[in-house]
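Below is one structure, written out as structure tokens; comments come after it.
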């Protein structure tokens, strides 16, 4: 049984997208799972009434598995992330995160401010021992199988030691969420040779060779689309958050560009939608903030009900796989080996 708290007030299309996504998720999840809609009760109840009496009337049977948790304030995109915990402790985001250490919830999902969610998650859930920073993984479609890329924006500048920690976090994610035994890890670089790249990447390469992960050397940008480098398949690609976020935004732009290009060539919309579905971020819904002592799923600000639904499913999977405990064990073992 998993209890997942959802920030009902977060995101460009809140509360409608959040509430609709929660209803749709419960219709697909096992009946033992519940969702806590965190936010302003009158707003949430009004949205539930409209949806369950209208377009989602066929799913009204899931209503008993939806709980409403009061949180009067809302984190705005203009709010300074580092100050939200102090200035808006009763916001839907902060109240939702606190449910985990209070023992009332097992995971949290939000399409609100990424910066505020990161700060709140680190301060409220805390980091695993020995971890310097959390990381955001993104699942990228490739010609072979999906590849986890991290960090995708949490940390603009990273040290070699932090990139090695990201490799360990990504390996656990690939194993627990993607089902990859002994996942292969690559380091994003401008060439495959160990001597290529800047000083940070070159030192990271040397450290990864002795980091206890299945390291397969450097990965170039083109290798991500292939899903492999010259040493074999790749499951995890490690980079700093600046590079990862540039790569992510480029990927997000590929689908609309291809749609316009192929439509002008006469390809039907239905064919395009099927072919480019792997590039749609809503397929995965969100990304867990890896490294915190809990489950915190970060969603795109423009998340649709489908994206929210899939993010909630991801949160349940993270809880059921005990991914957080697995990360703790991996980091602990690595610290013991280093000692």
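Between 0 and 90 degrees, rounded to the nearest ten: what's the tilt of helix 16-28 against the longest Cα principal axis of the chain? The two axes meet at around 80 degrees.
Across the chain, the convex hull enclosing all Cα atoms gives 142 Å³ per residue.
Given the Cα-Cα distance of residue 207 and residue 49 and 0.36 nm per residue of separation, how much length would full extension add, in nm? All intermediate terms of the calculation are to be shown ahead of the outcome.
On the way: separation 158, 0.36 × 158 = 56.88 nm, distance 5.56 nm.
Taking 0.36 nm per residue and subtracting the Cα distance, the gain is 51.3 nm.
Could you compute the FRET efficiency for residue 27 and residue 263, with r as their C-beta to C-beta distance and R0 at 35 Å, rounded to 0.05? That gives a FRET efficiency of 0.60.
Taking packing as the residue-averaged number of other Cβ atoms within 10 angstrom, the listed peptides 300-312, 152-164 run from highest to lowest as 300-312, 152-164.
Please work out how much length the chain gains when fully extended from residue 129 to residue 326, using 0.36 nm per residue of separation minus the C-alpha to C-alpha distance, in nm with one decimal. Contour length minus the Cα-Cα distance gives 69.6 nm. Relative to the longest principal axis of the Cα atoms of the chain, the long axis of helix 160-176 makes an angle of roughly 60 degrees.
With the convex hull drawn around the C-alpha atoms of region 1-78, the volume per residue stands at 83 Å³. Available extension along the chain between residue 161 and residue 102 is 18.0 nm, counting 0.36 nm per residue and deducting the alpha carbon span.
Just to check, using Stokes-Einstein with a Kirkwood Rh over alpha carbon pairs, what's the diffusion coefficient of region 138-261 at 10 °C and 1.306 mPa s in µm²/s? So the translational diffusion coefficient is about 111 µm²/s. Modelled this way, with points 7 Å down the Cα-to-C-beta line, the labels at residue 59 and residue 78 are 3.3 nm from one another.
Helix 241-263 and the long axis of the chain differ in direction by around 70°, with both axes built from C-alpha atoms. Given all pairs of different Cα atoms, what value in angstroms does the Kirkwood hydrodynamic radius of region 1-43 take? Radius from the Kirkwood sum: 10.7 Å. Each of the peptides 132-141, 235-244 was scored by the mean count of other Cβ atoms within 10 Å over its residues; in descending order, highest first, they stand as 235-244, 132-141.
Every read-out reported here was derived from the displayed coordinates using simple, explicitly stated rules and does not represent laboratory data. What you are looking at is a predicted structure, and each value in this text was computed from that prediction instead of being measured. No Cβ is skipped: glycine too gets one built from the backbone with ideal geometry, and neighbour counts run over all protein chains shown.
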